[in-house]
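Colleague: Let me give you the structure first, and then I'll get to my questions.
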Amino acid sequence: MPVLRQLPRWAWFGGGVLAFIAGIVNAAGYMGFRHQSITNLTGSASLFGVALGTGDSGEAWHWLLSIGAFVLGAVVSGMIVQQSTLQLGRRYGVTLVLESILLFAAVPLLHQNDSLGLYLAAMGAGLQNGMASTYSGMVFRTTHVSGMFTDLGIYIGQRLRGLTVDTLRVRVCVLVIVTFTLGSAAGALLFPALHERTLLVPAALTGLCGLGYTLYRRRAPADA
């Protein structure tokens, strides 16, 4: 995994923070009025297929819009960041601030049980996942952990067979799984008190991360 060995500390830290944020967002989605996942598409794609199979056009449109919003976020991320090579000067801060704006905008809509809030939050998740995948060469996927659990299981199996395992990749899997889970726990703790306003926490965190990254890149050397 040569890409992993090129990642600076700020990228590792950022990957963990982003996974934590995604965990909060997803927990708020599950505990909200539609009880739906926001940050990954596996369940959404399945429910879209179920709606098609049962002829429920209203649900089919909802899940199609949810999926489309996530993909649109990834598209916008690709347009902003543009390159897959990690570089401190890339506009990751712009992507994070945009995600923050989308999450803030989603809160009042979700408070009114308006599905448009879910679409805005899904677009924010797509932005984040696209950005993290871009800056890490698709090593970090911070909004879902199915791939991480799969990779971890493969590496454990290889190790049990006595094969050499890249421990750095194992560390990535553990980092994302643990921080995403902790974020979900934090979201569950916050939701009874804040309800849909729980999303204000990840909205503020992504905004602070975006501003913090912008300040860091201006002070750090270009090859950091």
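Colleague: Per the 1.4 Å probe, what fraction of the accessible area of the chain, in percent, lies on carbon and sulfur atoms?
Modeller: Carbon and sulfur atoms account for 66 percent of the accessible area of the chain.
Colleague: Another one. Ignoring everything except DSSP H segments at least 4 long, calculate the 222 nm mean residue ellipticity for the chain; use -39,500 (n - 2.57) per segment, divide by total residues, nearest 500.
Modeller: So the calculated ellipticity at 222 nm is -25500 deg cm²/dmol.
Colleague: Along the principal axes of its C-alpha atoms, what lengths does region 104-185 span, in descending order and rounded to whole Å?
Modeller: Taking max minus min along each principal axis of the Cα atoms, region 104-185 gives 55, 26, 15 Å.
Colleague: Mind checking which helices in the chain clear 20 Å along their axis (Cα) and have mean Kyte-Doolittle hydropathy of 1.6 or more, DSSP H runs only?
Modeller: Span-like helices, by this rule, are 92-111, 167-194.
Colleague: What whole-number value in cubic angstrom gives the convex hull volume per residue for the C-alpha atoms of the chain?
Modeller: Hull volume normalised by residue count: 119 Å³.
Colleague: Please state the equivalent ellipsoid semi-axes for region 139-220: what are the square roots of 5 times the Cα gyration tensor eigenvalues, largest first, in whole Å?
Modeller: Values for region 139-220, descending: 32, 20, 8 Å.
Colleague: For the chain, what is the accessible area per residue in Å², given a 1.4 Å probe and the full set of protein chains?
Modeller: Each residue of the chain exposes 49 Å² on average to a 1.4 Å probe.
The values are calculated or read from the model by the stated rules, or taken from the named source; none is laboratory data. If you're wondering where the values come from, they're calculated on a predicted model, not measured in any experiment. Keep in mind that these areas ignore ligands, DNA and RNA; they rest on the heavy atoms of the full protein, side chains included. Shrake-Rupley method; radii C 1.70, N 1.55, O 1.52, S 1.80 Å.
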